[in-house]
1. How many residues does segment 271-285 hold that are closer than 30 Å to Ile341 by Cα and either surrounded by 21 or more Cβ atoms within 10 Å (Cβ to Cβ) or touching a strand residue (DSSP E or B) at 6+ places or on another chain (Cβ under 7 Å) (or both)?
2. Suppose the filter is surrounded by fewer than 24 Cβ atoms within 10 Å (Cβ to Cβ), in contact with a helix residue (DSSP H, G or I) (Cβ under 8 Å, 6 or more places away or on another chain), closer than 23 Å to Tyr113 by Cα and touching a residue at least 12 places away in the same chain (Cβ under 8 Å); does Val268 pass it?
3. Please indicate, with yes or no, whether at least one residue in segment 153-168 is under 30 Å from Glu321 (Cβ atoms), touching a strand residue (DSSP E or B) at 6+ places or on another chain (Cβ under 7 Å) and assigned to a helix (DSSP H, G or I).
4. Got a number for residues in segment 244-265 being small (Gly, Ala, Ser), closer than 30 Å to Tyr104 by Cβ and surrounded by fewer than 24 Cβ atoms within 10 Å (Cβ to Cβ)?
5. Does Lys96 qualify as being within 30 Å of Ile260 (Cα to Cα) and over 22 Å from the mean Cα position of the chain (by Cα)?
6. Report yes if some residue within segment 225-237 is buried (at least 21 other Cβ atoms within 10 Å of the Cβ), in the same structural domain as Arg294 (by TED's automatic domain parsing), hydroxyl-bearing (Ser, Thr, Tyr) and touching a Ser or Thr at 6+ places or on another chain (Cβ under 8 Å); otherwise report no.
7. Answer yes or no: is there a residue in segment 210-228 that is farther than 17 Å from Thr306 by Cβ, part of a strand (DSSP E or B), under 20 Å from the mean Cα position of the chain (by Cα) and not aromatic (Phe, Trp, Tyr).
8. Can you give me the ranges of the strands (runs of 3 or more DSSP E) entirely in segment 1-58 with at least 1 residues that are basic (Lys, Arg)?
Amino acid sequence: MKIKRILIANRGEIAVRIIRTAHKMKIEVVAIRTAVEPAALFISQADIVYDNTEDSSEIPVFLNIEKIIEIALKTKADAIHPGYGFLAENAYFAQKCIENKIIYIGPSPDAIYKMGNKTIARKLAVAAKIPIAMGSQGNIGDEEEAILVADKIGYPVIIKAASGGGGRGMRIVRKAEDMGKMFVIASKEAEKAFNDPSVFIEKYIENPKHIEFQILGDTKGNIIHLGERECSIQRKHQKLLEEAPSIALDSDLRKRMGNIAVRIAKTVNYYSAGTVEFLLDSDQNFYFMEMNTRIQVEHPVTEMITGIDLIEQQIRIASGEALKYRQQDIKFRGWAIECRINAEDVQSGFAPDPGKIEKLNLPAESYLRIDTGVQAGSSIIPSYDSLITKLIIKGKDRKDAIRNCKMALDKVWIKGTKTTLPFFRMLVRNPKFIDGTFTTAFIEKDLEKYYLNSEYEEMLAAWLATKLFIEENLMDNSINVDFGNGKEMSPWLLNKRINQF
């Protein structure tokens with residue numbers, strides 16, 4: 001069936017992203033206006049706007065399945081795209097769409113359920129002879145059972161929520177006496193985040209790399225992968241920077257991991273876009289971790305190196321089209337890095353810093369793609385995530401991508417809220433990041449001794465502060481200051497230019 005109108009059951013940058021592809025495909029888009037974001041950027045770009053500002057329900061509209069279905073029917077939408085977050089991995093929501101003869105742009109309810117429940121996914125992986133970390137056979141009922149399992153597989157272990165993801169409901173336990181406290185915290189966090197307190201236990205792999213493979217499957221049984229993304233720069237088990245490909249994989253390992261990713265997808269007859277996530281240890285052993293049955297925040301880096309529009313593929317697959325790509329058709333060109341610029345206070349442990357975006361300068365460069373859901377005047381509100389924009393940078397190789405990343409970061413200016421920009425500016429100059437030896441433990445174990453401790457980092461911070469001061473106080477007076485001229489600005493050159501005023 002040809003899709004003519006899509007309701008986006010989401011907001012922010014992913015709504016803008018979906019609209020861009022839908023319009024390219026000549027498909028109308030319905031967006032939902034809410035009381036907390038009545039003038040959001042995505043609203044202005046939609047063809048039809050459903051006004052939900054008078055909704056007095058305690059459940060936010062993007063989590064209200066019955067309301068979303070009602071809006072789709074009222075606006076005569078053929079299909080619903082869930083984006084990521086909210087209802088994107090809710091099997092019941094997918095089923096309700098089908099029951100109401102609305103196309104769900106995503107995988108089957110069965111695949112969402114089986115891969116969304118981590119204990120079921122582990123059992124499927126075991127049956128398919130896919131490598132996984134040692135762990136419990138199912139959910140853990142109480143602290144005593146947790147201690148027994150941990151004693152059997154050996155500490156350290158990690159407690160994980162059986163449902164959901166995003167780092168919630170996860171706690172590392174290094175000794176038996178900490179199990180009780182950590183078990184309760186993880187279980188309560190899982191219940192709050194996913195309405196399911198179930199948790200299971202795995203052997204905790206120290207200092208791994210987090211590698212994920214992008215999957216595409218159609219309803220005809222064809223499944224391929226589009227290569228890997230490196231997602232090891234994380235805090236609190238949540239990703240901050242992603243790149244594609246990964247410096248840790250050679251062609252042989254990429255082929256083996258990609259084949260495994262396709263195999264796990266086939267266990268649930270997967271179709272649509274999805275991501276299979278692995279942990280890679282220092283001996284190049286890899287372990288299946290989970291499968292995300294939705295589009296990922298970091299999908300643009302894969303699009304940058306493959307040239308394939310993943311949202312378009314989702315829509316075509318949902319329409320019943322067969323994949324036009326075979327595995328041998330997938331070619332990788334260049335390197336891509338994504339920086340998630342969030343409204344967060346880095347020095348306060350990446351705590352959210354909601355507020356109004358007073359000024360926003362996002363550069364336009366041939367090597368740079370900007371995905372954002374905000375503009376000057378927009379507000380980052382506490383009830384939603386803190387993402388301001390994503391910078392997706394391309395280079396002919398990793399060295400070139402990092403060089404371009406430095407230039408792009410130095411040209412972004414955001415006023416009104418604290419952001420992760422200073423973190424990324426430091427990160428791309430960090431030796432461990434540059435040589436690719438970082439792991440998921442980088443921020444917790446390696447970053448502290450680099451962050452604003454060395455003479456260079458202090459000088460860099462002063463340079464960036466001075467740069468922002470000049471831009472804010474002098475640019476409006478038509479004083480032309482070239483901060484890069486296509487090259488990364490050194491603190492010494494900047495100082496020389498400052499002395500000219």
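The values are calculated or read from the model by the stated rules, or taken from the named source; none is laboratory data. Bear in mind that the values here come from a model prediction, so they are computed numbers and not experimental data. When we count neighbours, we look across all protein chains shown, and the Cβ atoms used for this are built from the backbone with ideal geometry, even at glycine.
1. Initially, segment 271-285 is screened for residues closer than 30 Å to Ile341 by Cα, giving 272-282.
Checking which are either surrounded by 21 or more Cβ atoms within 10 Å (Cβ to Cβ) or touching a strand residue (DSSP E or B) at 6+ places or on another chain (Cβ under 7 Å) (or both) leaves us with 272-280.
Adding up the residues that qualify gives 9.
2. Numbers: surrounded by fewer than 24 Cβ atoms within 10 Å (Cβ to Cβ): yes; in contact with a helix residue (DSSP H, G or I) (Cβ under 8 Å, 6 or more places away or on another chain): yes; closer than 23 Å to Tyr113 by Cα: yes; touching a residue at least 12 places away in the same chain (Cβ under 8 Å): yes.
Taking the combined requirement at face value, the residue satisfies it.
3. From segment 153-168, those under 30 Å from Glu321 (Cβ atoms) are 165; that's our starting set.
Narrowing the set further to residues that are touching a strand residue (DSSP E or B) at 6+ places or on another chain (Cβ under 7 Å) leaves 165.
Still in the list and also assigned to a helix (DSSP H, G or I): none.
No, because not a single residue in segment 153-168 is under 30 Å from Glu321 (Cβ atoms), touching a strand residue (DSSP E or B) at 6+ places or on another chain (Cβ under 7 Å) and assigned to a helix (DSSP H, G or I).
4. Keep residues of segment 244-265 that are small (Gly, Ala, Ser), which gives 244, 246, 248, 251, 258, 261, 265.
Filter again for closer than 30 Å to Tyr104 by Cβ, leaving 244, 258, 261, 265.
With the extra rule that they be surrounded by fewer than 24 Cβ atoms within 10 Å (Cβ to Cβ), the set shrinks to 258.
Within segment 244-265, residues that are small (Gly, Ala, Ser), closer than 30 Å to Tyr104 by Cβ and surrounded by fewer than 24 Cβ atoms within 10 Å (Cβ to Cβ) number 1.
5. no
6. Yes, some residue in segment 225-237 is buried (at least 21 other Cβ atoms within 10 Å of the Cβ), in the same structural domain as Arg294 (by TED's automatic domain parsing), hydroxyl-bearing (Ser, Thr, Tyr) and touching a Ser or Thr at 6+ places or on another chain (Cβ under 8 Å).
7. Yes, because at least one residue in segment 210-228 is farther than 17 Å from Thr306 by Cβ, part of a strand (DSSP E or B), under 20 Å from the mean Cα position of the chain (by Cα) and not aromatic (Phe, Trp, Tyr).
8. Details: elements: 5-8, 28-33, 48-51.
So the answer is 5-8, 28-33.
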